[in-house]
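The values are calculated or read from the model by the stated rules, or taken from the named source; none is laboratory data. Computed from a predicted model, the values in this text were never measured in an experiment. So basically every Cβ, Gly included, is an ideal-geometry build from the backbone, and we count neighbours across all protein chains shown. SASA here: full protein model, heavy atoms, side chains in, ligands and nucleic acids out. Shrake-Rupley method; radii C 1.70, N 1.55, O 1.52, S 1.80 Å.
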Amino acid sequence: MSAILSLEHVSKRYGYRRILDDITFSLDTGEFIMLIGNNGAGKSTLLRIISTLSKPTQGRITFHGINQKDSLKEWRQKIGIISHENRLYGDLSSIDNLRIFGTLYGVEDLKIKTDNILQETDLSHVSRLPVGNFSSGMIKRLMIARLMLCQPEILILDEPFTGLDQHSNSWFHNYLHEFHQQGGTVLIATHQLELGLNLATRVLVLHKQRIQHDNSTAGLSVNQCVNWLDNNAV
């Protein structure tokens, strides 16, 4: 495997407060990494930096060996993001949101793909309603639909299962499994340890602003992950 993304001694401060300290790891082609840590460990900040939504205070990030800031356009075209910020237009419908997004990314056969994806994510019946009226679960499904529309090579996901009902959870789990089996690369932060371990090939544990564990998921149990988190509890 070759490294798609590498972080070298990445740190992040907000004023005098250190959020991340000396983060170093690589994301290889075809890997499925689960990032875990207690609340406030810095998981969302780390994913925002990787997604180019925030800049590190220190350190170096490379994309295929090229400084990330010199390859922003290419990197952004390859990633699909689910974060705590939905970045949707609340006064527009789901179909309009997807068509605007698809136009920006140059998606071909946009109308057909949009209709198919809305059906697959069980949003066809509300496709003309303003997104601002959607429940949290419907918003999350629309964010997933947006991922599917642009067909990224790498997924950067921050608590993507939150807000999904049991059926949507199962469906999205299957989507991620298929995406990975087809060669896709995933970095996911989640508290859903069992779901994450069923999917991931590697786990990173973030605590006190640093990566404290970096392990293969082979033979790893939910209890072991819980023990790591309990031992690292503030």
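For a quick size check, give me the Cα extents of region 77-234 along its three principal axes, largest first, whole Å.
48, 31, 28
FRET efficiency for Arg128 and Asn174, Cβ-Cβ distance as r, R0 = 35 Å, nearest 0.05?
0.80
For helix 94-104, report the angle its Cα long axis makes with the longest principal axis of the Cα atoms of the chain; keep it between 0 and 90° and round to the nearest 10°.
70 degrees
Specify the angular offset, from 0 to 90 degrees and rounded to the nearest 10, of the alpha carbon long axis of helix 222-231 from the longest principal axis of the alpha carbons in the chain.
The angle comes out at about 60 degrees.
Using a 1.4 angstrom probe, figure out how much accessible area region 8-100 has per residue, in square angstrom, rounded to the nearest whole.
Dividing the accessible area of region 8-100 by its residue count gives 50 Å².
First select every other residue whose beta carbon is under 14 angstrom from the beta carbon of Arg141; then total the charges, Lys and Arg +1, Asp and Glu -1.
My count for the surroundings of Arg141 gives -1.
Of the cross-linked pairs Lys55/Lys140; Lys69/Lys208; Lys55/Lys78; Lys55/Lys208; Lys69/Lys113, which ones have a Cα-Cα span greater than 29 Å in the structure shown?
Going by Cα-Cα distance, Lys69/Lys113 fall outside the 29 Å limit.
Counting every Cα pair in region 1-92, what percent are over 16 Å apart?
Result: 59 percent of Cα pairs exceed 16 Å.
With +1 on each Lys and Arg Cβ and -1 on each Asp and Glu Cβ, and nothing else charged, work out how big the dipole of the chain is about its Cα centre, in Debye to the nearest 20.
820 debye
Provide the net charge surrounding Asp115, with neighbours chosen by a C-beta distance below 11 Å and charges set as Lys +1, Arg +1, Asp -1, Glu -1.
Net charge around Asp115: +1.
How much of the accessible area of the chain, probe 1.4 Å, is carbon plus sulfur, in whole percent?
After summing per-atom areas, the C and S share lands at 46 percent.
What's the angle, to the nearest 10 degrees (0 to 90), between helix 110-120's Cα axis and the longest principal axis of the chain?
Long axis of 110-120 versus the principal axis of the chain: about 70 degrees.
Where the Cα atoms of region 181-234 are projected onto their three principal axes, how long is each span, largest first, in whole Å?
39, 22, 17
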